[in-house]
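K.L.:
Before I ask anything, here is the structure I am working with.
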Number of protein chains: 2
Amino acid sequence: MTDLPKHVEIHEEGPREGFQIEPGPISTADKIRLIEALAETGLEHLQVCSFVNPRIVPGWADAENVVAGFKAKPGIHYTALWFNANGLERALAFHDKLTIKGAIALTATEAFTQKNLHRSHAENVEAMRKQTALHLSKGVKVNRLGIMAAFGCNYSGDVSPAQVISVVKDGLAIAAEAGTEITELSLADTMGWAIPPRIERMIGEVRAQWPNLTLALHLHDTRGMAVSNAHAALKMGVSQFDSTVGGLGGCPFAGQKGAAGNICTEELVLLCEEMGISTGINLDKLIEVGRMAEEIVGHVLPSELIHAGSLDVFRKQAA
Amino acid sequence: MTDLPKHVEIHEEGPREGFQIEPGPISTADKIRLIEALAETGLEHLQVCSFVNPRIVPGWADAENVVAGFKAKPGIHYTALWFNANGLERALAFHDKLTIKGAIALTATEAFTQKNLHRSHAENVEAMRKQTALHLSKGVKVNRLGIMAAFGCNYSGDVSPAQVISVVKDGLAIAAEAGTEITELSLADTMGWAIPPRIERMIGEVRAQWPNLTLALHLHDTRGMAVSNAHAALKMGVSQFDSTVGGLGGCPFAGQKGAAGNICTEELVLLCEEMGISTGINLDKLIEVGRMAEEIVGHVLPSELIHAGSLDVFRKQAA
């Protein structure tokens, strides 16, 4: 238990992940309302939108209006996502409001690289070389490497630590060639293949190779394992997680919840705070925002906690 | 990791827990359909109904018709729940079909005893004395002790291992006085207060007192922690769990999912099987039954896995 972090840094991705996938339409005003409410909970990292092709992701056709519209709160890092030069330009137009950081994004399996990006891993490495050079030429730092499908892949099955380590090496080589240093490594369980022993083994083997990299996890709750995976990672000292309020994201479809989204921010916060790990987040305020998110999207979200309420509410009533 | 059990015994309570709380009405035929489908998954313990007052629990007004109606499969323990002499008589009428076992049921907190049973703990102990004697006089064995609200209580807050140990002692005294031996102790997180470190501490302290008692857990997923709690218990060698298919149970209300029910059977099975712990259950068949349960109740159930599908399905496709 001595490996537990004292503090956990939570990167809220609810607006970006949620609104890209919700059938909607969801008004720009509602997106802004959710972002501004999240900023009042104590969260310090908010991913607010995707600068992507509106024909492919109609939910983010209003990205500029959302970013222009929300009132930024000092001390909060508002971030965005983009995948190409055009997206980067759109983000840079808001460099006064957004924290603009680049990342090298690779995928652990050839099959999911093809499925998701319509290119081979080798072609993806080449694309990331160019993108990294582009970022650096614009003065945008690139210190983060992200590996998708790091725990398993719906198209090629289980993923071993050796596969992940090989792809991490590719990412580090891209950075080295471009003259930048990777300090953060994010491992994503994109399709919900992780269970706690897999988390432990992966973190153990990756750390053995690169003990100085800060590890972050992006855990989808596709099969209900995300909280237990986060717990396993916390016990190994991992202190950075992505999450989404209410469990926004995933693939809802008519009348059914569909594959779940990211780990719920409020369930992660409850777990951490009840274990004595500080998050800086007011859980009861966050639960209120989760309920707001459910009202905005107009259907039940995966979070159990937003329906039950925090333990502290009941502790106060009982006292 | 050497403490992991080789096999886990799962007690499916979906029909009993689910149909007592669903707004329904749900037809007797659908209840029977679900029970018979569950019996085809490899589950060996199925709690099929409650013999309770139909004015209080209208969902189980048809308990006799359900038990008379399903086709029993050899080798499966079909069980039922009851709370008084009348319920016991109704159950005994089906002694050829049901496995009739008694239990001593106590609650860790005075406040929840009052709220749930409208009596004090002392009055409840007295009631359990009479009920235990009644069971034994009818030739019904009483070897199980269950403690509700063992990890926390919405009406009095946190519950310590010392409180639970005190109530377990009361239960063991009831059994000793009646001349029967308790061999199984079930601890219920009735209102979703557990997190993994609380599970570890409770199991550790209870085991230190009674190393020979078989421990079972009944984990509600009220705040999304149930799978991580089960994982913590598995690592301590706990090998008996209650669960409900699809996560049936809890408190659904109009337009909202409400407080979640028990841990989902299929998510527990996935966790166990992926960790190499056998359950004897065919997960893909069970997921199909979870989808059937969702169709029968007519709304989204909490299980993420029934919407995503097992890992083995994708492994086979990828191979």
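Every number here is computed from the coordinates shown, using simple stated rules; none is lab data. For clarity, every value in this text was computed on a predicted model and none was experimentally measured. Because the Cβ atoms are built from the backbone with ideal geometry, glycine has one as well, and the counts that use them run over all protein chains shown.
K.L.:
Over segment A:101-214, what is the percentage of antiparallel beta bridges among all DSSP beta bridges, to the nearest 5? Kindly include the intermediate steps, with their values, before the conclusion.
P.N.:
Numbers: 2 of 13 bridges.
Within segment A:101-214, antiparallel bridges account for around 15 percent of the total.
K.L.:
Hey, another quick one. Output, in nm with one decimal and in ascending order, the distances from the A:Ser120 label point to the matching label points of the other copies (7 Å from Cα along Cα-to-Cβ).
P.N.:
Copy-to-copy label distances at A:Ser120, shortest first: 8.0 nm.
K.L.:
Would you mind counting up the charge near A:Glu9? Only other residues with Cβ under 15 Å from its Cβ, with Lys and Arg at +1 and Asp and Glu at -1.
P.N.:
-3
K.L.:
Distance in whole Å from the B-onto-A rotation axis to the closest C-beta of chain B, together with the residue it belongs to, please.
P.N.:
B:Ser228, 2
K.L.:
Under 19 Å from a label point 7 Å along Cα→Cβ of A:Ser160: give me every residue in segment A:181-218 with its amide N that close.
P.N.:
The answer is A:193-195, A:197-210, whose backbone nitrogens lie closer than 19 Å to the label point.
K.L.:
Under a 10 Å cutoff between Cα atoms, tell me which one of A:Met275, A:Met128, A:Met202 has the largest fluctuation in the Gaussian network model of chain A.
P.N.:
Comparing A:Met275, A:Met128, A:Met202 in a Gaussian network model of chain A, the most mobile one is A:Met275.
K.L.:
Could you compute the FRET efficiency for A:Ala319 and B:Glu89, with r as their C-beta to C-beta distance and R0 at 51 Å, rounded to 0.05?
P.N.:
Efficiency computed from Cβ-Cβ geometry: 0.70.
K.L.:
Work through the residues other than B:Ile296 whose Cβ is under 11 Å from its Cβ and net out their charges, Lys, Arg +1 and Asp, Glu -1.
P.N.:
-1
K.L.:
Continuing with the same structure: Describe numerically, in nm with one decimal, the distance between label points set 7 Å from Cα along Cα→Cβ at A:Ser278 and at B:Glu40.
P.N.:
Output for this residue pair reads 5.6 nm.
K.L.:
Same structure, new question: Other chains' Cβ within 10 Å of A:271-278 residues: what's the mean?
P.N.:
Shielding by partners across A:271-278 averages 3.
K.L.:
So, one more: Once Lys and Arg get +1 and Asp and Glu get -1 on their Cβ, which of A:Ile182, A:Ala122, A:Val206 lies farthest toward the positive end of the dipole of segment A:101-214?
P.N.:
Positive-end residue among those listed: A:Ile182.
K.L.:
So what's the back-of-envelope 222 nm ellipticity for the protein assembly as shown, counting only DSSP H runs of four-plus at -39500 (n - 2.57) apiece and dividing by all residues, rounded to 500?
P.N.:
-13000 deg cm²/dmol
K.L.:
Can I ask one more? Provide an ascending nm list, one decimal, of label-point separations from B:Phe83 to the equivalent residue in each further copy; define each label point as 7 Å from Cα along Cα→Cβ.
P.N.:
5.5
K.L.:
I would also like to ask the following. Using a Gaussian network for chain A with springs between C-alpha atoms less than 10 Å apart, which of these wobbles most: A:Ala103, A:Ala293, A:Ala122?
P.N.:
Highest fluctuation among the options: A:Ala122.
K.L.:
Please label the shape of segment A:101-214 as rounded, prolate or oblate, based on the square roots a ≥ b ≥ c of the eigenvalues of the alpha-carbon gyration tensor (a/c under 1.5 means rounded; beyond that, a/b larger than b/c means prolate, else oblate).
P.N.:
Since a/c reaches 1.5 but b/c is at least a/b, the shape of segment A:101-214 is classed as oblate.
K.L.:
For chain B, with a Gaussian network of springs between Cα atoms less than 10 Å apart, report the residue from B:Gln209, B:Gln240, B:Gln20 with the top mean-square fluctuation.
P.N.:
Maximum fluctuation in the GNM of chain B, among the listed residues, is at B:Gln209.
K.L.:
So, one more: For the pair A:Lys285 and B:Ala68, what calculated FRET efficiency results from E = 1/(1 + (r/R0)^6), where r is the Cβ-Cβ distance and R0 = 51 Å, to the nearest 0.05?
P.N.:
On the way: r = 52 Å, r/R0 = 1.03.
After rounding to 0.05, the efficiency reads 0.45.
K.L.:
So the label point sits 7 Å from Cα along the Cα-to-Cβ vector; using that for A:Glu177, what distances do you get to the other copies, in nanometres, sorted shortest first?
P.N.:
Computed spacing set for this position: 7.9 nm.
K.L.:
What is the sum of charges, Lys and Arg at +1 and Asp and Glu at -1, for the other residues whose Cβ falls under 10 Å from the Cβ of B:Ile199?
P.N.:
Its environment carries a net charge of +1.
K.L.:
Mind giving me the nanometre distance, one decimal, between the label points for A:Ala61 and B:Leu134, set 7 Å out from Cα along Cα→Cβ?
P.N.:
Roughly 6.7 nm, to one decimal.
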